[in-house]
């Protein structure tokens, strides 16, 4: 990955930590496209981790074409993060470190009945996955720009 700046990565990482849900877009070899809402966890290098059932269209598409795009939106502040990259299966030891520690940390303060989203998904065979971005942009349309047609999009990982 080509890092633009540490500040850019921190800005995106902080945004992704506060908005742990997005829409993952996949496409199969038969051009079957699909968008699915997912909960994910981001690391400091902006890799994203999520779990899906192996019987879903999203997973079948990823088996055929292991690439996806994710869109995360903060409608109130008019900020979006869009990224795309390769999706790979996670080794079990990495899965344990990432999911059990970080999903537990997602619990809202004071909500002792909250359970990670994985606990609420239907029965089935699960696969932990990692999306490594090869393109990522951060757009802040809520920020005022002095110029009339200012650029609101920061290319964090240019394509």
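Where a number appears in this text, it was derived from the coordinates with a stated rule and is not lab data. Source: prediction; values computed, not measured. Virtual Cβ from ideal backbone geometry, glycine too; neighbours counted across all protein chains shown.
For a quick check: sort 46, 62 by the number of other beta carbons within 10 angstrom, fewest at the front. With the fewest neighbours first, 46, 62 line up as 46, 62.
The simple spin-label model puts a point 7 Å past each Cα toward its Cβ; for residue 33 and residue 54 those points are separated by 2.9 nm.
The slack between residue 141 and residue 155, meaning 0.36 nm per residue of separation minus the straight C-alpha distance, is 3.6 nm. Here the label points at residue 23 and residue 7, each 7 Å from Cα along the C-beta direction, are separated by 3.2 nm in the simple model.
Taking label points 7 Å from Cα along the Cα-to-Cβ direction, residue 74 and residue 132 give a separation of 2.8 nm.
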